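The values are calculated or read from the model by the stated rules, or taken from the named source; none is laboratory data. For clarity, every value in this text was computed on a predicted model and none was experimentally measured. Every residue, glycine as well, gets a Cβ built from its backbone with ideal geometry; the counts of neighbours run over all protein chains shown. The area values use the complete protein model at the heavy-atom level, side chains included, leaving out ligands, DNA and RNA. Shrake-Rupley method; radii C 1.70, N 1.55, O 1.52, S 1.80 Å.
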Amino acid sequence: MHPRKITLVILVMISTAFVLTAQTVTITIVQNKNAPDTALGMSRVMEDDLLGVYYDSGMIVTTTDIAFDGNNYRDKNYGVKAAAHGMSDYVLVVYMQYGQAEKTNTELGLKYAELKKATWKLVHVRDIIIIEEQKLDLSAVPIKEFDPYKQISMLGELIARDSLQAMRDTVKGEKN
């Protein structure tokens, strides 16, 4: 066999092995029904940041449509069915509860929804086991200038970092 063909066969085998061992994650963003229209844009910022961090970490990532049924978030199985149909190993569900009224920052010329509460959970799809769940202290997110979209972005990076660490700990056998 020609050396180029041998090299090609080896590369195909290595890439196939990599794909088979890569972790797959479905990201599901949920918000409350009575949030103002601007909340959807903020939820999309969260989704984009989570996707970026997970992708940069080497994960295979999918998303679901942003849901408006935050009252169902507490269900242990929430998001698992969609993730299972997408053949994901994990589902990261992020619940964002916004205030009912739209806010305006006249200095920045921004309309936004005030984020009142944020919670996330990472669920192992096959076993339907919650690996990690956190209620976030929104006052702990350091923002030097007031921009609610930057705050959501930083929150997304924080959630991604913590949930990825929980996943790594689980894979190493340190949790559950």
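Observations
- Remark: accessible surface ordering of Val93, Val45 (largest first) is Val45, Val93, probe radius 1.4 Å.
- What the Cα atoms of region 50-176 give is an Rg and a Dmax of 15.7, 50 Å.
- P(r) tail for region 16-102: Cα pairs beyond 21 Å make up 33% of the total.
- Rolling a 1.4 Å probe over the protein heavy atoms of region 31-102, with every protein chain left in place, gives an accessible area that is 48 percent carbon and sulfur.
- Heavy-atom accessible area ranking, 1.4 Å probe, most first, across Leu115, Leu164: Leu115, Leu164
- Surface exposure of region 59-137, expressed per residue as accessible area with a 1.4 Å probe, stands at 56 Å².
- Electrostatic bookkeeping for Ala101 treats Lys and Arg as +1 and Asp and Glu as -1; over the other residues with beta carbon under 15 Å from its beta carbon, the sum is +1.
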